[in-house]
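What follows is a single structure, written as structure tokens, with notes after it.
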Amino acid sequence: MSRSPFPRSRFLAALGTAALFGLAACGSGGSAASTSGDDLLRVGFSQLGAESGWRTANTESVKASLTEEAGFDLNFVDAQQKQENQIKALRDFVAQDVDVIAFSPVIETGWDEVLQEIKDAGIPVVLVDRTVETTVEDPYVTWIGADFEQEGTTAGEWVKENAPDAKVFELQGTLGSGAQVDREEGFNAVVGDQVIGKASGNFTRAEGKTAVEAALQAYPETDLIFSHNDDMGLGAIEAIEAAGKKPGEDIKIVTVDGVRDGLQALVDKKFNYVVECNPVFGDQLAELIEDVAAGEEVPKETIVVDQAFDQTITQADVDARPY
Ligand code: GYE
């Protein structure tokens with residue numbers, strides 16, 4: 001069973017209408033433009049949570065791009081890092097018969113049934129940020145996100161070059177998530193022999209702190225932490241300082257993301273190296289969703305470009321960071 005794509009002409013017309021409504025609303029000082037919603041492209045977006053600075057920036061970027069003015073009727077649902085909440089949101093989107101479903105899967109597995117239901121309903125899927133492992137054939141039209149394995153490799157190369165004798169504790173993200181699995185694979189392929197222990201901090205600052213408190217007891221020889229994101233690294237700083245040690249010196253910290261708080265820790269010399277993972281791709285996502293809805297050819301994947309930062313970063317760089 002297939003579904004006819006959202007006609008391009010109808011969508012462009014919707015854009016015009018939305019723009020007019022937007023102007024009218026501004027002119028009258030009224031609240032949000034209320035359209036019938038019929039002319040807009042109806043998108044269900046299941047965000048996995050609000051666990052980190054990265055996620056908050058990503059959510060802001062998505063919402064800033066998928067606006068009514070831009071022609072979208074966005075139903076955004078936050079799953080609070082629970083897969084069952086995401087599955088429920090996805091089923092709701094099917095019941096609402098949205099034009100496109102976009103979602104950022106909290107972990108890689110467990111989506112077979114709901115992906116099949118979406119496929120049977122003929123609704124195209126745009127996968128955002130994280131990846132899925134599924135037996136469903138052609139479960140999504142396109143994926144946009146970062147190269148997590150490369151991020152892990154880049155972090156590993158810094159360690160190999162700058163701390164070849166370090167005893168590394170690996171602070172993993174949410175177990176079973178694409179970001180955790182692939183960062184770990186990339187990092188361990190380069191310096192796996194230096195890793196003396198690992199545990200998950202679920203990508204949050206609080207759980208990162210708890211995991212490092214335990215790690216400092218279990219592996220007192222740890223002198224470098226590779227954290228799968230900034231937030232857990234910030235939690236690690238708290239745990240290290242509470243144990244009377246100096247983060248960045250006694251225990252070096254390498255992280256992934258590059259949100260402002262993370263880069264500030266780098267300027268403050270508490271982090272040693274940060275591999276960027278750029279969350280600001282709402283505009284690219286909006287374009288992909290339009291093209292998918294219009295039935296146009298899109299690339300199977302779009303990799304968001306990342307860089308990396310060391311302690312030569314300046315306060316001005318941090319202050320200029322948009323997120
Ligand atoms: O690195 C982390 C977030 O999937 C890229 O999820 C994302 C990761 C990001 O919680 O901070």
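Taking amide H as placed 1.01 Å from N in the peptide plane, PHE45 has its amide H under 5 Å from the amide H of ASN75, PHE76, VAL77, ALA102, each at least 5 places away in sequence or on another chain. If one takes the longest principal axis of the Cα atoms in the chain, at what angle in degrees, from 0 to 90 and to the nearest 10, does the Cα axis of helix 148-162 lie? Orientation of helix 148-162: about 20 degrees from the principal axis. Farthest toward the positive end of the dipole of region 38-195, out of VAL43, LEU115, ALA89, is the Cα of ALA89, where the dipole comes from beta carbon charges about the Cα centre. Heavy-atom accessible surface of ASP193, to the nearest 10 Å², is about 140 Å², with a 1.4 Å probe and all protein chains retained. Rounded to the nearest 20 debye, the dipole size of the chain about its Cα centre is 620 debye, using +1 on the Cβ of Lys and Arg and -1 on the Cβ of Asp and Glu. The modelled label-to-label distance between GLU301 and ARG260, using points 7 Å beyond Cα along the C-beta direction, is 3.2 nm. Distances between placed amide hydrogens fall under 5 Å for GLN80 paired with GLY49, ALA50, all partners being 5 or more residues away or on another chain. The modelled label-to-label distance for the pair ASP268/ALA214, using points 7 Å beyond Cα in the direction of Cβ, is 2.6 nm. For the chain, excluding the exposed loop sites themselves (trypsin sites (Lys or Arg not before Pro), DSSP loop, at most 15 other Cβ atoms within 10 Å), the longest remaining stretch covers 83-244. Net charge of the neighbourhood of ASN188, taken over other residues with C-beta under 10 Å away and scored Lys/Arg +1, Asp/Glu -1, is -2. Computed from backbone phi, the HN-Hα couplings of region 95-101 come to 4, 7, 6, 5, 6, 9, 10 Hz, rounded to whole numbers (Karplus: 6.51 cos²θ - 1.76 cosθ + 1.60, θ = phi - 60°; Gly and Pro given as x).
At the residue level, ILE303 shows approximately 80 square angstrom of accessible surface with a 1.4 angstrom probe and all protein chains present.
Once backbone amide H atoms are built at 1.01 Å from N, THR174 has ASN202, PHE203 as its partners under 5 Å, excluding neighbours fewer than 5 places away on the same chain.
Taking the Cα centre of region 148-277 as origin and assigning +1 to Lys and Arg Cβ atoms and -1 to Asp and Glu Cβ atoms, the resulting dipole is close to 300 debye. To the nearest ten degrees, helix 53-65 and the longest principal axis of the Cα atoms of the chain are 20 degrees apart.
The heavy atoms of ASP78 present about 60 square angstrom of accessible area, all protein chains included, probe 1.4 Å. Separation of the alpha carbons by more than 22 angstrom is noted, of LYS198/LYS269; LYS167/LYS209; LYS88/LYS119; LYS82/LYS167, for LYS198/LYS269; LYS82/LYS167.
Between GLN150 and GLU249, the modelled label-to-label distance comes to 3.6 nm, taking each label 7 Å out from Cα in the direction of the beta carbon.
Here the 3J(HN,Hα) profile of region 260-274, calculated from phi with Karplus coefficients 6.51, -1.76 and 1.60 at θ = phi - 60°, is 4, 4, x, 5, 4, 5, 6, 4, 6, 6, 9, 9, 10, 7, 10 Hz, Gly and Pro shown as x.
Where only protein heavy atoms count, and the probe is 1.4 Å, what is the accessible area per residue for the chain in Å²?
43
With helices as the sole contributors, the chain gives -13500 deg cm²/dmol at 222 nm; each DSSP H run of n ≥ 4 counts as -39500 (n - 2.57), and the sum is divided by every residue.
The values are calculated or read from the model by the stated rules, or taken from the named source; none is laboratory data. Given the structure is predicted, the values throughout are model-derived calculations rather than measurements. Cβ coordinates were reconstructed from backbone atoms using ideal geometry, including for glycine residues, and neighbour counts include every protein chain displayed. Accessible surface areas use protein heavy atoms only, side chains included; no ligands, DNA or RNA. Shrake-Rupley method; radii C 1.70, N 1.55, O 1.52, S 1.80 Å.
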